């Protein structure tokens, strides 16, 4: 499979994130951080081919988990359906966090 330059940059970005996570775990006894797959086909299957797309994907799923914990999964999907930016996501999370 041939990948674009943007996809190869995405792979490097994820590898760097994983390395930072490994360093944090080495510094903090008992800390566990899951590693993110660097398989570009995996990300392409989700429509993620750029660093910006990856960051939005991760932020979306974090927002989804946060809002669904406070409400319900179906409500979280409905609330997030029109979010196009991380700022949109953050606004919705703030609304439903109960602060």
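The values are calculated or read from the model by the stated rules, or taken from the named source; none is laboratory data. Values in this document were obtained by computation on a predicted structure and should not be read as measured data. In this analysis, Cβ positions are derived from the backbone assuming ideal geometry, glycine residues included, and neighbour counts consider all displayed protein chains.
Which ones in segment 53-69 are buried (at least 17 other Cβ atoms within 10 Å of the Cβ) and either closer than 22 Å to residue 14 by Cα or assigned by TED's automatic domain parsing to the domain that holds residue 14 (or both)? Step through it out loud before you land on a result.
Step one: list which residues in segment 53-69 are buried (at least 17 other Cβ atoms within 10 Å of the Cβ), which gives 54, 56, 59, 63-64, 66-68.
If the condition is that a residue be buried (at least 17 other Cβ atoms within 10 Å of the Cβ) and either closer than 22 Å to residue 14 by Cα or assigned by TED's automatic domain parsing to the domain that holds residue 14 (or both), then 54, 56, 59, 63, 64 are the ones that fit.
Please specify each residue of segment 70-85 satisfying the condition of being in a helix (DSSP H, G or I), modelled with pLDDT of 95 or more and surrounded by fewer than 16 Cβ atoms within 10 Å (Cβ to Cβ). Steps first, please.
Going residue by residue through segment 70-85, those that are in a helix (DSSP H, G or I) are 70, 73-80.
Checking which are modelled with pLDDT of 95 or more leaves us with 73-80.
Those that are in a helix (DSSP H, G or I), modelled with pLDDT of 95 or more and surrounded by fewer than 16 Cβ atoms within 10 Å (Cβ to Cβ): 73, 74, 75, 77, 78.
For segment 16-32, which residues satisfy the criterion of being closer than 27 Å to residue 87 by Cβ and loosely packed, with under 14 Cβ neighbours inside 10 Å?
Initial filter on segment 16-32 (closer than 27 Å to residue 87 by Cβ): 16-18, 20-21, 24.
Matches in segment 16-32: 16, 20, 24.
Please go through segment 2-32 and pick out each residue that is on the phi < 0 side of the Ramachandran plot and part of a loop (DSSP other than H, G, I, E, B). Quick ask: steps written out before the conclusion?
If we filter segment 2-32 for residues that are on the phi < 0 side of the Ramachandran plot, which is where we start, we get 2-29, 31-32.
Of everything in segment 2-32, those that are on the phi < 0 side of the Ramachandran plot and part of a loop (DSSP other than H, G, I, E, B) turn out to be 2, 3, 4, 28, 29, 31, 32.
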